[in-house]
Amino acid sequence: MVTNAVGYGIIIPLLYPLAERLQLGTVGLGALMASFSLAQFLATPIIGRLSDRYGRKPLLMGSLFGTGVSMVLLALANNGGMFFAARILDGLTGGNNSVAQAAVADSTSPKQRANAFALLGAAYGFGFLIGPSIGGLLGQYGITIPFWAAAGMAFLGVILGVLFMRETISE
């Protein structure tokens, strides 16, 4: 979840300059923001159901991988269509917050659950706090650098998750 929040936060300071560069205009920028949110809204219950059936770990790793791919697409975007495709992909694979919450609920005792959810919420808030700062700082070195950094962070998260995360539900 931190990776999703940081990734989303990183692009916030870059959206307007990229929308200008790709000649999307203000209506296009609004539609871009809405496309991500709509895709996430539609995907969240599906990802949640799939995680109940196939496990939390594969859905979380797949979602992180999708976020990484979407950030690579954003870095390479040279037209509005590619930019929209990247944001929609990120929305579709970014609907994993409910899966992360389910994994926390699966792996904590009822006594520890409130603390675990508080930490999860704090991590998410931290991601939104630090993401725009990272995007602004890295954007000074090139408008696509923050996207590459977010992609690297997402792919690193996949590797670490595959290696160290245990499945939280049992059959």
One residue is enough: does the range 124-134 have a residue meeting the conditions touching a Leu at 6+ places or on another chain (Cβ under 7 Å) and small (Gly, Ala, Ser)? no
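Give me a count of the residues in the range 31-61 that are of a type outside the set (Asp, Glu) and open to solvent by 40 Å² or more (accessible area, probe 1.4 Å). Full working, then the answer.
Taking the range 31-61 and keeping what is of a type outside the set (Asp, Glu), we get 31-51, 53-61.
Keeping just the survivors that are open to solvent by 40 Å² or more (accessible area, probe 1.4 Å) gives 31, 33-34, 37-38, 40-42, 44-46, 49-50, 53-54, 57-58.
Looking only at that region, the number is 17.
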Checking the structure you have, find out if any residue of the range 8-29 is touching a Ser or Thr at 6+ places or on another chain (Cβ under 7 Å) and at negative phi. no
Under 7 Å by Cβ, and 6 or more places apart or on different chains, what pairs join a residue from the range 1-22 that is more than 29 Å from PHE117 (Cβ to Cβ) and in contact (Cβ under 8 Å) with a residue 40 or more places away in the chain with one that is open to solvent by 50 Å² or more (accessible area, probe 1.4 Å) and not charged (D, E, K, R)? LEU22/ASN79
Got a number for residues in the range 36-85 being in contact with a Leu (Cβ under 8 Å, 6 or more places away or on another chain) and under 19 Å from VAL104 (Cα atoms)? 4
Which residues, counting only those in the range 78-111, are closer than 21 Å to GLU20 by Cβ and either open to solvent by 10 Å² or more (accessible area, probe 1.4 Å) or touching a Ser or Thr at 6+ places or on another chain (Cβ under 6 Å) (or both)? ASN78, ASN79, GLY80, GLY81, MET82, PHE84, ALA85, ALA86, ARG87, ILE88, ASP90
Of all residues in the range 139-161, which are open to solvent by 50 Å² or more (accessible area, probe 1.4 Å), touching a residue at least 24 places away in the same chain (Cβ under 8 Å) and either under 16 Å from ALA5 (Cβ atoms) or not in a helix (DSSP H, G or I) (or both)? MET153
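The values are calculated or read from the model by the stated rules, or taken from the named source; none is laboratory data. Not measured: the values here are computed from a predicted model. Because the Cβ atoms are built from the backbone with ideal geometry, glycine has one as well, and the counts that use them run over all protein chains shown. Surface areas here come from the heavy atoms of the whole protein model, side chains and all, with no ligands, DNA or RNA. Shrake-Rupley method; radii C 1.70, N 1.55, O 1.52, S 1.80 Å.
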